[in-house]
Amino acid sequence: MENKSSNFIRTIIQKDLETSKRDHVITRFPPEPNGYLHIGHAMSIITNFDLADEFQGKTNLRFDDTNPLKEDVEFVESIKEDVKWLGYEWDGLFFASNYFEEMYNRAVLLIKKGLAYVDDLTGDEIRSYRGTLTEPGKNSPYRDRSVEENLDLFDRMRKGEFENGQKVLRAKIDMSSPNINLRDPVLYRIAHTTHHNTGDNWCIYPMYAFAHPIEDAIEDVTHSICTLEFEDQRPLYNWIIEQTEMESTPQQIEFGRLNLTNTVMSKRKLKQLVEEGFVDGWDDPRMPTISALRRRGFTAEAIRAFVRALGITRGDGAVDSQMLDHFMREDLKLKSPRTMGVLRPLKVVITNYPEGQEEMLEAEINPENPEMGTRQIPFSREIYIEQEDFMENPPKKYFRLFPGNEVRLKHAYFIKCEEVIKDENGEVVEIHCTYDPETKSGSGFTGRKVKGTIHWVDAKHAVPAEFRLYEPLILSEEEEQVEDESEEKTFLDHVNPNSLQVLNGFIEPNMKDVKPQDKFQFFRHGYFNVDPKHSTEDHIVFNLIVSLKSSFRL
Ligand code: ATP
Ligand code: MG
Ligand code: MG
């Protein structure tokens, strides 16, 4: 499926090929393995892989694992799984940490060229010497160390002779540059800690700003696509590529990150939701992680269609999360079987249906996709309907069941409410109805009409099931609003206390063998997915993917 919505990056690549600036295209998706991927990462994945595909190029999956303090192999595996699930196959699979030796050599080259120096200032001192937007920075007293001294100190940093924070390697660029990123940025820091890939081989680690351009160049990446917050780093990116004399010259291109209404996206906040128990893990269906969306029942097809329709822009406003729901419905409409489920059951006895008798009724599996065939539904004297489909004293325009009123049971008969049975507290516990055998669905009965059609399941054969209904986890439209750290309120104050509702109801007996991740449209309720984590053979759990109704228009 192709979507040619606005994409300025495509235009850049096209031009690069036409003008022979490039003769091939290589992109990369470079996650830091410090958490689970979320829908924002999906945008980056889809953008990188789709663009390369379009120009017969390649896309690498590269783990940007240059920070040993936050990374873990657990995340490496989940990231691979998520990229595959989204429908993509990477060309190369790389770890930035495998380039540590090369990065070190390039840093030595900078020192030899007089373009890097070992600094003894503390982190705080470096920050205060850096200046501000309106004030230039100040040179470090160590800035003019000789090449020989720098080479010796950097070698000893590598050998582990210094403590964490005692020394750093800095680029020697310009402490009065209007771009603060160019005021002698730190290239290497000391961290005596074990790395998930390189173990204890290293105690100095490159900073992102130094490592990333070199990683791109080593892999011959042509278009290094990243989010807008890196725009001010582009001059440094280019400086590193040029001064470390990398053969390949990747171009950094920034685009606006994806933000969704009612959603927090940063890993830090998602982690907080998990650790403080607001959700039951990274894959809780209310989370915006790929693993949570998958578990909730979202499909890769719908996520791809959503991202492609959004296109790539340089803006970073929040997208209405209902737009994603819209693509979800579109994807499932023709694919998913229709079925009936009662979420809040109320017993109905059909008093004139002979006791002990039962029959099978035929129903289409998907009226919008007749090829899916038909299913059999048992019907007998006792059924369950939805509590909200009965009212003893209905308001005007309530066309469902109430004393004296007749409705159609979907795929079955007309029934008429004759009697309401209550318990000692006056609660309605059962409804007695009569049915009219003439009105059987599909019989062509035209004698009279009813205004309401309700769903039901046969009480004797019904299979119990748990339904989990979800609402947005965050009750704020914009992520920025909940991000304002200067205020007392944090995003946690916007967590929706009603984001999960658990109901115990019944489903059609032909559903008893459903498998995890099977998706259905429950008539009048919405699309549901069989939860892979909590469903067992005798306890089926359904996650609400999206309800049927939406005010969203594309
Ligand atoms: P977070 O801020 O959520 O922790 P990150 O940017 O630190 O995300 P990385 O692992 O570095 O996470 O991200 C890998 C790639 O995904 C980067 O190229 C990054 O720019 C991109 N990315 C991350 N979040 C988004 C987003 N919301 N929209 C688009 N791209 C994103
Ligand atoms: Mg990052
Ligand atoms: Mg981050």
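Just so you know, all these numbers are worked out from the coordinates, no wet-lab data involved. No experiment lies behind these values; they were computed from the predicted model shown. Backbone-built Cβ (ideal geometry, glycine too); neighbour counts: all protein chains shown.
The table below lists the values:
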| quantity | calculated |
| --- | --- |
| Theoretical gain in end-to-end length, residue 201 to residue 89 [0.36 nm per residue, Cα-Cα removed] | 37.2 nm |
| DSSP beta bridges in the range 341-454 [antiparallel fraction, %, rounded to 5] | 75 percent |
| Which listed pairs, of 396/549; 112/167; 347/533; 267/335, have C-alpha distances above 24 Å, in listed order | 347/533; 267/335 |
| Taking 265, 43 and counting other C-beta atoms within 10 Å, the order from fewest to most | 265, 43 |
| Estimated vicinal HN-Hα couplings, Hz - the range 105-110 in sequence order (Karplus 6.51, -1.76, 1.60; Gly, Pro = x) | 4, 5, 5, 4, 4, 4 |
| Under Karplus coefficients 6.51, -1.76 and 1.60, residue-wise ³J(HN,Hα) of the range 532-547 in Hz, glycine/proline x | x, 8, 10, 7, 10, 4, 10, 9, 8, 10, 10, 9, 5, 7, 8, 6 |
| Options 217, 293, 204, ranked by Cα towards positive dipole end of the chain, top entry (Cβ charges) | 293 |
| Sequence ranges 21-33, 434-446, ranked by mean other-Cβ count within 10 angstrom, highest first | 21-33, 434-446 |
| Diffusion coefficient, µm² s⁻¹, Stokes-Einstein with Kirkwood Rh over alpha-carbon pairs of the chain at 4 °C and 1.567 mPa s | 47 µm²/s |
| Length gained when the stretch residue 18-residue 69 is fully extended (0.36 nm per residue, less Cα-Cα span) | 14.0 nm |
| Partners for residue 519 among aspartates and glutamates (Cα-Cα distance below 12 Å; same-chain residues under 8 apart left out) | 331, 531 |
| Modelled FRET efficiency - R0 51 Å, residue 391 with residue 517, Cβ distances, 0.05 increments | 0.90 |
| Gap separating the Cα centres of the range 205-222 and the range 335-368, nearest whole Å | 61 Å |
| Cα-derived Rg to Rh of the range 8-257, Kirkwood definition | 0.98 |
| FRET efficiency, 1/(1 + (r/R0)^6) with R0 22 Å, evaluated for residue 194 and residue 276 via beta carbons | 0.20 |
| Ratio of the Cα radius of gyration of the range 276-332 to 2.2 N^0.38 Å, where N counts its residues | 1.24 |
| Those chymotrypsin sites (Phe, Trp or Tyr not before Pro) in the range 501-554 that DSSP places in a loop and that have at most 14 other beta carbons within 10 Å | 552 |
| Residues with amide H under 5 Å from that of residue 25, placed H, sequence gap 5 or more | 58 |
| The range 352-434: translational diffusion in µm²/s, Stokes-Einstein, Kirkwood Rh over Cα pairs, 10 °C, 1.306 mPa s | 108 µm²/s |
| Modelled FRET efficiency - R0 41 Å, residue 368 with residue 430, Cβ distances, 0.05 increments | 0.70 |
| Partners for residue 138 among aspartates and glutamates (Cα-Cα distance below 16 Å; same-chain residues under 8 apart left out) | 119, 120, 124, 125, 174, 184 |
